[in-house]
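Here is the structure we will look at.
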Amino acid sequence: MIALPPIQFDRASGALEGANLWERTAALALSTGSKISSHFSHRGYIGCANLLRKTLPARNIAIRLNEDATFEFPYGDGYWSKLLDRSYHYEDELEFLFRHSADIDYTLLDCGANYGYWSVLVTSKPFGSHKAIAIEPASENFLKLANNASVNGSRFEIMKCAIGAAKGSAQLSGTKHEKFSIAGAPGSGFETVPVIALDDLLNEGKIPPGGKYLIKLDVEGVEIEAMKGGTKLLKGDSVIMCEEHGNDPDHTVSRYILEQTPLKLIVYDPRSNRLETVTELSILDRIKVSSHVGYNVFGTASAFWQQRIDVLNARVAGRMQ
């Protein structure tokens, strides 16, 4: 059976091409559903979208994120279909830092890359055409990641492994592609995957010492172990970006950064539209308003990146005046 070519959708113009009548109707439903559910943090959206997906032909949709970035995924995918809503912005706090770092010579380490959204975007011209290494352990996800690398001219490197405290192997578990994790109980997994530590990237020459790095650590429950495996890397000019889950009132990841590492804890505050350096965790009680979503926090020991964050905060303040 010959695979259907991807549907094409342009986020800038809203143009949808290559879709039949039912697929166009589905696109309207997916976009409208995202707009409506955004008022309650998209609760229920993924499940409804995945039900709709079962009625659609098996084919990809290629989302044009900007003039130099195309992101493909299976049409109707519940996690990614929110991109059909042109008012939706995925992980605002990460885009805020990436956009304002376009002129810096850094490399993105995209750990837990899934289908490669951030690697696609950060390596595009509007974001500075940066180098990126996209790291993803799940075979199912890795095939889609490899496709997105190919679609975008193979301009970023891909690695099939998980990130942990030390080199080894682990069992991957989970039922949702965006939630696969090596944090499950032993024997509960569906796939054995290799594990590396962040510092292995330095020790084995995958990345040079002395470079500047933004490290997206979307590793579903093993963030602390991953930080333990990156002590050398995190001493340099690096910023680590970790998910702080909305249903964790103890703010475990942020607490570890603040109390157990030499890193400064930085949090994006939507009220001020700034990246705020914090010394206590009460700000997260206000920011984490939805229990079923994740919030990204940042950690850095780098004077360069701290100064740069001060500069971008000043730029934003200047535009708002």
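The values are calculated or read from the model by the stated rules, or taken from the named source; none is laboratory data. Since this is a predicted model, take the numbers as computed values, not measurements. Every residue, glycine as well, gets a Cβ built from its backbone with ideal geometry; the counts of neighbours run over all protein chains shown. Note: accessible area is taken over every heavy atom of the protein model, side chains too, but ligands, DNA and RNA are not part of it. Shrake-Rupley method; radii C 1.70, N 1.55, O 1.52, S 1.80 Å.
Residue 65 meets the stated requirement of being part of a strand (DSSP E or B), surrounded by 14 or more Cβ atoms within 10 Å (Cβ to Cβ) and not acidic (Asp, Glu). Taking the criterion of being at pLDDT 95 or above and closer than 19 Å to residue 98 by Cα, the residues of region 232-254 that qualify are 234, 236, 237, 238, 239, 240, 241. Within region 136-150, take every residue that is under 15 Å from the mean Cα position of the chain (by Cα) and without any contact (Cβ under 8 Å) to a residue 60 or more places away in the chain and give me the one that is surrounded by the fewest Cβ atoms within 10 Å (Cβ to Cβ). Step by step, filter region 136-150, then rank; the result is 141.
Name the single residue, out of those in region 151-172 being in a loop (DSSP other than H, G, I, E, B) and touching a residue at least 60 places away in the same chain (Cβ under 8 Å), that is surrounded by the most Cβ atoms within 10 Å (Cβ to Cβ).
Going through the qualifying residues, I end up with 164.
Residues that are of a type in the set (S, T, N, Q), touching a residue at least 12 places away in the same chain (Cβ under 8 Å) and out of contact with any strand residue (DSSP E or B) (no Cβ under 8 Å at 6 or more places or on another chain): does region 59-77 have at least one? Checked against the condition, which is being of a type in the set (S, T, N, Q), touching a residue at least 12 places away in the same chain (Cβ under 8 Å) and out of contact with any strand residue (DSSP E or B) (no Cβ under 8 Å at 6 or more places or on another chain), region 59-77 yields at least one hit.
Checked against (1) aliphatic (A, V, I, L, M); (2) assigned to a helix (DSSP H, G or I); (3) modelled with pLDDT under 95; (4) surrounded by fewer than 17 Cβ atoms within 10 Å (Cβ to Cβ), residue 28 passes all but a single condition, namely (3). If the condition is being among the β-branched types (Val, Ile, Thr) and either buried (at least 21 other Cβ atoms within 10 Å of the Cβ) or part of a helix (DSSP H, G or I) (or both), then region 255-266 contributes 257, 266. Within region 268-303, the residues that satisfy the criterion of being assigned to a helix (DSSP H, G or I) and either open to solvent by less than 70 Å² (accessible area, probe 1.4 Å) or among the basic types (Lys, Arg) (or both) are 282, 283, 284, 286, 287.
Hey, does region 214-227 have a residue that's outside any helix (DSSP H, G or I) and either among the hydroxyl-bearing types (Ser, Thr, Tyr) or farther than 16 Å from residue 114 by Cβ (or both)? Yes, region 214-227 contains a residue that is outside any helix (DSSP H, G or I) and either among the hydroxyl-bearing types (Ser, Thr, Tyr) or farther than 16 Å from residue 114 by Cβ (or both). Just to be sure before I move on: is residue 209 in contact with a Cys (Cβ under 7 Å, 6 or more places away or on another chain), surrounded by fewer than 22 Cβ atoms within 10 Å (Cβ to Cβ) and either modelled with pLDDT of 95 or more or closer than 21 Å to residue 305 by Cβ (or both) in the structure I sent? Against the criterion (in contact with a Cys (Cβ under 7 Å, 6 or more places away or on another chain), surrounded by fewer than 22 Cβ atoms within 10 Å (Cβ to Cβ) and either modelled with pLDDT of 95 or more or closer than 21 Å to residue 305 by Cβ (or both)), residue 209 does not qualify. Remark: pairs (first residue in region 83-109, at negative phi; second residue of a type in the set (Asp, Glu) and part of a helix (DSSP H, G or I); Cβ separation under 7 Å; 6+ apart in sequence or on different chains) = 89/95. Can you spot a residue in region 63-72 that is more than 16 Å from the chain's Cα centre (by Cα), of a type in the set (Lys, Arg), farther than 22 Å from residue 146 by Cα and at pLDDT 95 or above? No - not one qualifying residue is present in region 63-72. For the criterion of being touching a residue at least 12 places away in the same chain (Cβ under 8 Å) and more than 21 Å from residue 227 (Cα to Cα), residue 274 passes. The condition (being open to solvent by 60 Å² or more (accessible area, probe 1.4 Å) and in a loop (DSSP other than H, G, I, E, B)) is satisfied by just one residue among 175, 192: 175. Within region 228-254, the residues that satisfy the criterion of being hydrophobic (A, V, I, L, M, F, W, C) and outside any strand (DSSP E or B) are 233, 234, 253.
Could you tell me whether residue 244 is within 20 Å of residue 95 (Cα to Cα) and either open to solvent by 20 Å² or more (accessible area, probe 1.4 Å) or in contact (Cβ under 8 Å) with a residue 24 or more places away in the chain (or both)?
Criteria met by residue 244.
Any residue at all in region 226-237 that's within 18 Å of residue 94 (Cβ to Cβ) and among the basic types (Lys, Arg)? No. Among residues of region 8-34 that are closer than 16 Å to residue 55 by Cβ, those with a beta-carbon under 7 Å from a residue that is open to solvent by 80 Å² or more (accessible area, probe 1.4 Å) at least six positions away or on a different chain give the pairs 33/48. Being assigned to a helix (DSSP H, G or I), open to solvent by 30 Å² or more (accessible area, probe 1.4 Å) and of a type in the set (S, T, N, Q), is that true of even one residue in region 38-48? For region 38-48, residues assigned to a helix (DSSP H, G or I), open to solvent by 30 Å² or more (accessible area, probe 1.4 Å) and of a type in the set (S, T, N, Q): present.
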